[in-house]
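Written out below as structure tokens is the structure these notes cover.
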Amino acid sequence: MKSKQADLTAGLVATKGAAAPAADMPPRAPDAVAAPATPVAASAGEGREALVPLNFRVPTTFRRKYKTYAASHDMKLNELLYRCFERYVEAQNAK
């Protein structure tokens, strides 16, 4: 027996660039709107370095805290990593 496909209504079809935040979504953090300290290149171009994967494993609890922090501060995961690493290097150089 064949199942009938449901008809798609305009409200169910996603349109790129037309997404709206959920009604219960918190507003952006004021400092998250600023540009990242380290430029993030989507692709290699003039004056930009190509991005390559960096893979490693972390505990589940760390992953959840890291992703939650980044999301709540409207940051990309790699942007948070750049900022953390820069602060770590600064602290090590200050010793």
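The values are calculated or read from the model by the stated rules, or taken from the named source; none is laboratory data. Keep in mind the model is a prediction, meaning the values are calculated, not measured.
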Worksheet entry | Condition check for Tyr82: under 19 Å from the mean Cα position of the chain (by Cα) and at pLDDT 75 or above | yes
Worksheet item: Of the residues in region 1-19, how many are at pLDDT 75 or above and closer than 27 Å to Ser72 by Cα?
Response: 4
